[in-house]
Amino acid sequence: MQAAPTDVTDDYRAFAAVTSRAPDDDVTAMTSPDDDVIAASAAALGYVYVLVTTLTSSLSMVGCALLVGADAAFRDLRTAGRRLLTWLSVADCLTAAGNLLGVTW
């Protein structure tokens, strides 16, 4: 009969002893095929998330650049509403840049 582990080190040693056996021993694998499928689908979703976030952030930054460029090029179109729209676009550009850095970094 095996004694119960007394601390974390003993628990780790017991785990290492069970998992370090040869594959032909009568021990089932620690992961099942379902776990592998779940891990692969989670990785695929992570790639999709990165792709979508990168695309939308980039498009948002391009739109901001166009709006700020139009504001700088056409001085006669500057009204209070368009000035507000320009500054909101700049804030959106900063948010998009933060999202882009958060995904890629």
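The charge dipole of the range 32-104, taken about its Cα centre with unit charges on the Cβ atoms of Lys, Arg (+1), Asp and Glu (-1) only, comes to about 680 debye. When D35, D71, D92 are sorted by how many other C-beta atoms sit within 10 angstrom of their C-beta, beginning with the fewest, the order is D35, D92, D71.
Other residues lying with their Cβ under 15 Å from the Cβ of L67 contribute a combined charge of +2, Lys and Arg counting +1, Asp and Glu -1.
Per the Debye calculation on the range 32-104 with a single equal scatterer at every Cα and no solvent contribution, log₁₀ I(q)/I(0) for q = 0.20, 0.27 Å⁻¹ amounts to -0.82, -1.09. Peptides 98-104, 46-52 ranked from most to least packed by the mean count of surrounding Cβ atoms within 10 Å: 98-104, 46-52.
Values in this text are rule-based calculations from the coordinates and carry no lab data. All figures in this text were calculated on a predicted structure; none of them were measured in a lab. Reconstructed Cβ throughout: ideal geometry from the backbone, glycine too, with neighbour counts over all protein chains shown.
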